[in-house]
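The values are calculated or read from the model by the stated rules, or taken from the named source; none is laboratory data. Here the structure is a predicted model, which means the values were calculated and not measured. We place every Cβ from the backbone using ideal geometry, glycine too, and count neighbours over all the protein chains shown. Only protein heavy atoms, including side chains, enter the accessible area calculation; ligands, DNA and RNA are left aside. Shrake-Rupley method; radii C 1.70, N 1.55, O 1.52, S 1.80 Å.
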Amino acid sequence: MTAHMLGAEGAGDEIVGTVTSGGTESILLAMKAYRDRARERGGESDPEVVAPATAHAAFDKAAQYLGLTLVRTPVDDGYRADVGAVREAITDRTAAIVGSAPSFPHGVVDPIPELAEIARERGVALHVDACLGGFVLPWAERLGYPVPPFDFRLPGVTSMSADTHKYGYAPKGTSVVLYRDADLRRHQYFTATDWPGGLYFSPTMAGSRPGALSAACWAAMVAMGEEGYMEAARAILETGAEVRAGIAEIPGLRVLGDPLWVIAFASEEVDVYRVMDRMAERGWSLNGLQRPPAAHFAVTLRHTQPGVVERLLEDLRAAVAEAGARPDGEGELAPVYGMAAALPEEAVRELLGSFVDMLYRV
Ligand SMILES: Cc1ncc(COP(=O)(O)O)c(C=O)c1O
């Protein structure tokens, strides 16, 4: 069903895939497949992956876990992958390049057709991370929103991740990774031939896996159906447009890039992290971004209910006014981001580790 939704019919190849535990695992597995195939083909022991700065941190995690080198490239003024920079970053060691549809931070879709063309030209793989948009963009396109091709209809796209547990409305713990060919999927498997416990094989990261989650995911997908997804996307995209326009009208705030339903904003006039703290006091949970300092709001189906956007924008207007008027107010996130910006990277890592330790203590 996911392959069908993401252009399998127009792909000219048989698209195959696996259900995983989430976006991160889908990305880890695709990167493992590329690493192992690169090693098999060229004996290359340190393959590289080229990813725009805005591609999800799961690619850093994959690189760290798998011993890959992740080469980050800059994005343009609209926060989309700089195609020229990606082209220049490709070397003989490049196993794959990455594009997001859309990116987590700013909700903008990278120029996937251009990246796919480069991938084809240079003979490298292209993973399109549609964890966030896989279950929205196909319907956005059908609804007439300006969505350039981003899926298997582009011959250069060799793998994709799409999260059923986000806009697929399945319970948390499921995602889908798709490949253009079965040989590539084969490289994600783990096999052990000499273990006394028997001949062992496992397609994904986990050993034992919850069949109930896959069943619940399937049930969610057939319960929603194409029509359900289309209607959900319609409501989310309409609400996204209202949120975007509303934020753009608030004096002091600036919307970043050209987003559809994940709307990031920055400010030259107030501390955007203080705005987040003031929003948190009102019960709104926004995500903090950095480089540049910004925050985003991801519209979900719950926000499409009557009155929610009005309340969000009213609270945001008040939060901006307060953040400007009480610059030294107490807060949770503003001091943390302020400190993170001023500290060396190693110290910030230490801080994050200690924060996780603290969560285990409470
Ligand atoms: C674009 C993108 N990729 C990957 C992920 C990672 O997904 P997960 O949190 O399910 O591991 C996310 C999560 O928000 C995402 O937005």
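Figure legend. Inter-residue proximity from region 131-152: first residues of a type outside the set (Lys, Arg), second residues away from the ligand (no atom under 16 Å from the Cβ) and at pLDDT below 95, beta-carbon distance below 6 Å, spacing 6+ or different chains. Indicated pairs: PHE152/ALA11.
Any residue at all in region 77-92 that's touching a helix residue (DSSP H, G or I) at 6+ places or on another chain (Cβ under 9 Å), at negative phi and at pLDDT below 95? Scanning region 77-92, I find at least one residue that is touching a helix residue (DSSP H, G or I) at 6+ places or on another chain (Cβ under 9 Å), at negative phi and at pLDDT below 95, so the answer is yes. Figure legend. Inter-residue proximity from region 289-317: first residues open to solvent by 100 Å² or more (accessible area, probe 1.4 Å), second residues not β-branched (Val, Ile, Thr), beta-carbon distance below 8 Å, spacing 6+ or different chains. Indicated pairs: GLN290/TYR337; GLN290/ALA340; GLN290/ALA341; ARG291/ALA53.
Mind checking whether some residue in region 53-67 is surrounded by 24 or more Cβ atoms within 10 Å (Cβ to Cβ) and more than 15 Å from the ligand (Cβ to nearest atom)? No, that holds for no residue.
Taking the listed residues GLY144, GLY197, the one that is open to solvent by 10 Å² or more (accessible area, probe 1.4 Å) and at positive phi is GLY144, with no other qualifying. Filtering region 236-257 to residues that are open to solvent by less than 30 Å² (accessible area, probe 1.4 Å) and assigned to a helix (DSSP H, G or I) leaves ILE236, LEU237, THR239, GLY240, VAL243, GLY246, ILE247. Looking at the structure I just gave you, is ALA116 modelled with pLDDT of 95 or more, within 16 Å of the ligand (Cβ to nearest atom) and open to solvent by less than 10 Å² (accessible area, probe 1.4 Å)? When the stated conditions are applied, ALA116 does not pass them.
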